[in-house]
Amino acid sequence: MKGIEINILYHNSDTRQNRDIGVEFDWSELEVRPFYLVNFDGAHPTYNNDNEYTEIYLGGVTVITLLEYKEFIELIKNL
C-alpha cells in the first residue's frame, strides 16, 4: 500500500492535562498536524460534539483524523 498524508488531531499542553485528569474537552481545542499513513490495523467512525471523525488503529495506539469515516475509506480505496 502506498502512503497517504492526512491531518490528525494532536494534544497540546492544555488538552493533554485535561485528558490526564479526566476532564472532557471539545476536540476543536486540539492541534491539527500532518501525518503520513502507510499501514494501519483498522478504523472506525468516532464522534465529538456531533462532529464525525475517524479513529485509526496503529499497533497499540490510535490517531484521530479529521476525515469522516466514509471519506477515509474512499481515500484509502483509491491508493
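The values are calculated or read from the model by the stated rules, or taken from the named source; none is laboratory data. This one's a predicted model, so the numbers in the text were calculated from it and none came from an experiment. All Cβ positions, glycine included, derive from the backbone under ideal geometry; neighbour counts span all protein chains shown. Keep in mind that these areas ignore ligands, DNA and RNA; they rest on the heavy atoms of the full protein, side chains included. Shrake-Rupley method; radii C 1.70, N 1.55, O 1.52, S 1.80 Å.
Positive contributions from Lys and Arg (+1) and negative ones from Asp and Glu (-1), summed over other residues with Cβ under 11 Å from the Cβ of Thr62, come out at -2.
How large a share of the accessible area of region 28-79, in percent, is made up of carbon and sulfur atoms when the probe is 1.4 Å and the other protein chains stay in place? Don't skip to the answer; put the middle values down first.
Details: 1680 of 3430 Å².
The computed percentage sits at 49.
Along each principal axis, taking the top coordinate minus the bottom one, the Cα set of the chain gives 39, 24, 20 Å in descending order.
Taking a probe of 1.4 Å, how large is the accessible area per residue of the chain, in Å²? All intermediate terms of the calculation are to be shown ahead of the outcome.
Details: 5360 Å² over 79 residues.
Result: 68 Å² of accessible area for each residue.
Over the chain, dividing the summed -39,500 (n - 2.57) contributions of all DSSP H runs of at least 4 residues by the number of residues returns a 222 nm mean residue ellipticity of -6000 deg cm²/dmol.
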